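Undergrad: Pasting a structure here, questions to come.
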Amino acid sequence: MALPKLAADEGLTRAAVAALSRQLGENDLACRARVDAFEAFERLPLPAWRLSRAGKRTLSALDLSSITPYAPQPAIGSAPEDDGAATCIVTVDGEPALVRLAGEIAQQGAYVAPLEQALYERPELVRPHLGSVVGADTNRFSALNAALRRGGLFVHVPKGAVLREPIELLTIVEGASLFPHLLIVAEEHAAVDVIERIASRANPTERLRLLCPVSEIVAKAGARVRYAALQQLGDDVSEVAIRRATAGRDANVELAPVVLGGDLVRSDAEIVLEGSGASGRVREVFFASGRAAFDLSSSITHAAPHSSGDALVLGAANGAGQAAFRGMISILEQGAGAESNLKSRALLLSPKAHVDAVPGLEIANNDVKAYHGATVGEIDEETLFFCQARGIALDEARRMIVTGFFSPVVDAIASPLAQAWLHHAIESKL
Amino acid sequence: MVVSGLRVAVQGLEILKGIDLRVESGRVHALMGPNGSGKSTLSFALTGHPKYTVTSGTAELDGADLLALPAHERARAGLFLSFQYPAAIPGVSVANFLRSARTALKPDQSLPPAKFKRLLTEKMELLGMEPAMLSRYVNDGFSGGEKKRLEMLQMAVFEPRYAILDETDSGLDIDALRAVGESVNALRAANAETGLLVITHYPRILQYLRPDRVHVMMEGRIVKEGGADLADLIERDGYDPIREEAVGGAA
């Protein structure tokens, strides 16, 4: 199915942004917000690219004027509610291709819908939170997302509601650059798991395909939100992702950015612990292969007393893949009694692969406990020999060791299906 | 298993200077000697560790030319090494590892999961081990004694034709040592055909595991051989009399 293109698809201009807004049927206010964001995009500098060995392969190599965002399709595919099946939303180039809601969504009074539909149906739920965690002017790419925002998902879980089954979101990049926006709002003592898988189909077009997602999570007092973003883009798609969560009093947030594919990838993830007793966990995985270059950062910011943070980052690089990982624990002055730790481990699987791991601590309060550590190394030869001495051939031994290396994060993902998919995706890179 | 004239170098330095050794099926051979005499080098050279270079000599396992095979095929030919320092494999459960290894070792005897589980349970009972170990990661955070018990479990599950127990007694307290010794005896009772080469510099484990034959190694050579009474002699007098005899004989 050929999707209609933007009227002014020959370049990224103010007029193109306004035209997109008109095609989406937005009001003047929404259109103005997009144009403002576009102006911010033009004004803001390119974020620094933090790879030590990147050479010319940096974000400035992305010709943003050549991107092609598509205009919307009017029809939304949907399937009837099915009590037995998990909630699943599939989008292709930002278009909802399937929306299937588990029975518990309605039973619990939760609301799950593609973002544009949600803005139309439930603006009173969406508007107060949209852009409240990741503002349009956060950086050049958040501004670009706000200007060209299309697709994405809105999840609202009301006070006290607990969703047992994870919400699964499949985002497929086909022929266009994508600017999806995910917004998860968990009211007091609500609980939800969201697992997003991000993939692309090969496309012979010479044009740049950029995925530029923004994900915002609001976890109010006592809420529990776990969000995993499992990215396995092809090497002809680049990605700049911004994902941030705020956790209220005694809330519990887990962010799991998993970066397995893409060409140039920048991923910034942050949990801000805003309420006392809040806790945040980061479980991050990356695997840079081929010529991929990843610039990744994860932060936990302690902005309230007695908050706790825990980050575990597991990465690997083979081929000529390279990655820089920055982990940051920030404990602000009001973070007395905070406890936080950050560990990263990376495996180098080929002589040309390279990983920089830079853990950081910023502490403005003395009454805290913080720990960080980072290692980068090769597969231990004695472990390989141990496996060989048990009859396991070298290639299989490497596969087993690398799969095991990632399993502390992979096995903690809330969906067995997503776990199997991840194990397969990792094995296919060896 | 027959080793003849084996010379082995590590990083250009010759450690083994011509080893002749025959390990019989169903028998317990003790390879004794002070620290640094080359005992562990022999076990790594026979099992194919990449850091150990065989410069001359042969090793045959029931007719197969062991030295011509890559490490994993030596294991498939029926040679097992119980490591002095077994490696940890974080993220890989004991159950999965045992299953993968057994499938690799015995591709024509694959067992369905339920039967494999039964085999594991049976062998763990034989060794007095707790089933909880199966879901732990291989050797990850294991105590010294637990690691050696897991080595024994692997030997039980893989049923090798020949097994080298490299300093299986090292680092164990007396209770752990007795447990491991009893484990080996239980395994021998269950699988009488396995030929054992028990490497130790300490005769203590031989109180639990009577050897049929004792070989004493010093400075890369076998300098004395005898029956179980040779181990008793070493227990009583240490290695000095043998060293003097060997040096005297050389002079």
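The values are calculated or read from the model by the stated rules, or taken from the named source; none is laboratory data. Note that this is a predicted model, so its numbers are computed, not measured. So basically every Cβ, Gly included, is an ideal-geometry build from the backbone, and we count neighbours across all protein chains shown. Areas reflect the complete protein model, heavy atoms only, side chains present, ligands, DNA and RNA absent. Shrake-Rupley method; radii C 1.70, N 1.55, O 1.52, S 1.80 Å.
Undergrad: Quick check on my filter: what residues within the range B:50-86 are within 20 Å of B:ARG102 (Cα to Cα) and of a type in the set (S, T, N, Q)?
TA: B:SER82
Undergrad: Is it the case that the range B:161-182 has a residue that's among the β-branched types (Val, Ile, Thr) and at pLDDT 90 or above?
TA: Yes - at least one qualifying residue is present in the range B:161-182.
Undergrad: Out of curiosity, is A:ASN203 closer than 18 Å to A:PHE179 by Cβ and surrounded by fewer than 22 Cβ atoms within 10 Å (Cβ to Cβ)?
TA: Against the criterion (closer than 18 Å to A:PHE179 by Cβ and surrounded by fewer than 22 Cβ atoms within 10 Å (Cβ to Cβ)), A:ASN203 qualifies.
Undergrad: Also: Checking the condition away from every other protein chain (no Cβ under 14 Å) and either touching a Gly at 6+ places or on another chain (Cβ under 6 Å) or touching a residue at least 24 places away in the same chain (Cβ under 8 Å) (or both), which residue from A:VAL368, A:VAL409 passes?
TA: Sole residue among the options that is away from every other protein chain (no Cβ under 14 Å) and either touching a Gly at 6+ places or on another chain (Cβ under 6 Å) or touching a residue at least 24 places away in the same chain (Cβ under 8 Å) (or both): A:VAL368.
Undergrad: With the requirement that a residue be open to solvent by less than 70 Å² (accessible area, probe 1.4 Å), charged (D, E, K, R) and under 23 Å from B:VAL180 (Cα atoms), what does the range B:87-124 give you?
TA: The answer is B:ARG102, B:LYS123.
Undergrad: If you check B:ARG74, B:ARG149, which single one turns out to be more than 14 Å from chain A (Cβ to nearest Cβ), within 24 Å of B:LEU31 (Cα to Cα) and modelled with pLDDT of 90 or more?
TA: B:ARG149
Undergrad: Here are A:ARG345, A:ARG390: which of them is within 14 Å of chain B (Cβ to nearest Cβ) and open to solvent by 70 Å² or more (accessible area, probe 1.4 Å)?
TA: After ruling out the rest, the residue left standing is A:ARG345.
Undergrad: Hey, another quick one. Would you check if there is a residue in the range A:350-360 being in contact (Cβ under 8 Å) with a residue 12 or more places away in the chain, surrounded by fewer than 22 Cβ atoms within 10 Å (Cβ to Cβ), in contact with a Leu (Cβ under 9 Å, 6 or more places away or on another chain) and under 18 Å from A:LEU255 (Cβ atoms)?
TA: yes
Undergrad: Still on this structure, please answer the following. Within the set of pairs 6 or more residues apart or between chains, which connect a residue that is open to solvent by less than 70 Å² (accessible area, probe 1.4 Å) inside the range A:36-48 to a residue that is among the hydroxyl-bearing types (Ser, Thr, Tyr) with Cβ atoms less than 7 Å apart?
TA: A:LEU46/A:SER60
Undergrad: Being at pLDDT 95 or above and under 30 Å from A:VAL17 (Cβ atoms) narrows it down to one of A:GLU188, A:GLU254, A:GLU239, so name that one.
TA: After ruling out the rest, the residue left standing is A:GLU239.
Undergrad: Within 12 Å of chain B (Cβ to nearest Cβ), more than 30 Å from B:TYR162 (Cα to Cα) and not in a loop (DSSP other than H, G, I, E, B): which single residue out of A:THR383, A:THR403 fits that description?
TA: A:THR403 is the lone residue from the list that is within 12 Å of chain B (Cβ to nearest Cβ), more than 30 Å from B:TYR162 (Cα to Cα) and not in a loop (DSSP other than H, G, I, E, B).
Undergrad: Looking only at the range A:412-429, which residues are of a type in the set (A, V, I, L, M, F, W, C) and away from every other protein chain (no Cβ under 12 Å)?
TA: Correct list: A:ILE413, A:ALA414, A:LEU417, A:ALA418, A:ALA420, A:TRP421, A:LEU422, A:ALA425.
Undergrad: Just give me the residues in the range B:60-98 being assigned to a helix (DSSP H, G or I) and either of a type in the set (Gly, Ala, Ser) or over 21 Å from the mean Cα position of the chain (by Cα) (or both), in sequence order.
TA: Across the range B:60-98, the qualifying residues are B:ALA68, B:ALA71, B:ALA75, B:ALA95, B:ASN96.
Matching residues to (1) in a strand (DSSP E or B); (2) open to solvent by 10 Å² or more (accessible area, probe 1.4 Å):
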residue	(1), (2)
A:ARG266	yes, yes
A:GLU270	yes, yes
A:SER276	no, yes
A:VAL285	yes, no
A:GLY290	no, yes
A:PHE294	yes, no
A:THR301	yes, yes
A:GLY309	yes, no
A:LEU312	yes, yes
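Undergrad: A further question follows. Can you say whether A:ALA288 is modelled with pLDDT of 95 or more, touching a helix residue (DSSP H, G or I) at 6+ places or on another chain (Cβ under 7 Å) and under 25 Å from A:GLU427 (Cβ atoms), as far as the supplied structure shows?
TA: No; evaluated as a whole, the condition is false for this residue.
Undergrad: I've got another one for you. Taking the range B:190-211, which residues are outside any helix (DSSP H, G or I) and under 13 Å from B:LEU126 (Cβ atoms)?
TA: B:ASN191
Undergrad: So which of B:THR47, B:THR58, B:THR53 is more than 14 Å from chain A (Cβ to nearest Cβ) and within 26 Å of B:GLY226 (Cα to Cα)?
TA: B:THR58
Undergrad: Taking the range A:23-35, which residues are touching a helix residue (DSSP H, G or I) at 6+ places or on another chain (Cβ under 7 Å) and either surrounded by fewer than 13 Cβ atoms within 10 Å (Cβ to Cβ) or basic (Lys, Arg) (or both)?
TA: Selection gives A:ARG34 alone.
Undergrad: If you don't mind, there's one more thing I want to ask. If you check B:PHE83 against the conditions, is it closer than 18 Å to B:ALA9 by Cβ, of a type in the set (A, V, I, L, M, F, W, C) and at the interface with chain A (Cβ under 10 Å from one of its Cβ atoms)?
TA: Spelling it out, it is not the case that B:PHE83 is closer than 18 Å to B:ALA9 by Cβ, of a type in the set (A, V, I, L, M, F, W, C) and at the interface with chain A (Cβ under 10 Å from one of its Cβ atoms).
Undergrad: Moving on to the next point. Pull out all pairs, ordered by first then second residue, where Cβ-Cβ is under 9 Å, the residues are six or more apart or on different chains, the first lies in the range A:117-139 and is in contact (Cβ under 8 Å) with a residue 12 or more places away in the chain, and the second is basic (Lys, Arg) and surrounded by 16 or more Cβ atoms within 10 Å (Cβ to Cβ).
TA: Listed by first residue and then by second, the contacts come to A:VAL133/A:ARG244; A:VAL134/A:ARG243; A:VAL134/A:ARG244; A:THR138/A:ARG244.
Undergrad: Same structure again: Restricting attention to the range B:138-189, report how many residues are closer than 23 Å to A:GLU382 by Cα, acidic (Asp, Glu) and part of a helix (DSSP H, G or I).
TA: 2
Undergrad: Filter the range B:99-126 down to the residues that are more than 9 Å from chain A (Cβ to nearest Cβ), assigned to a loop (DSSP other than H, G, I, E, B) and under 30 Å from B:MET1 (Cβ atoms) and list them by number.
TA: B:SER110, B:LEU111
Undergrad: Among the residues of the range B:43-59, which ones are among the small types (Gly, Ala, Ser) and farther than 14 Å from B:LYS17 by Cβ?
TA: Of everything in the range B:43-59, those that are among the small types (Gly, Ala, Ser) and farther than 14 Å from B:LYS17 by Cβ turn out to be B:SER43, B:GLY48, B:ALA59.
Undergrad: Sticking with this structure for a sec: Right, B:LEU134: touching a Pro at 6+ places or on another chain (Cβ under 8 Å), open to solvent by less than 70 Å² (accessible area, probe 1.4 Å) and not in a loop (DSSP other than H, G, I, E, B) or not?
TA: no
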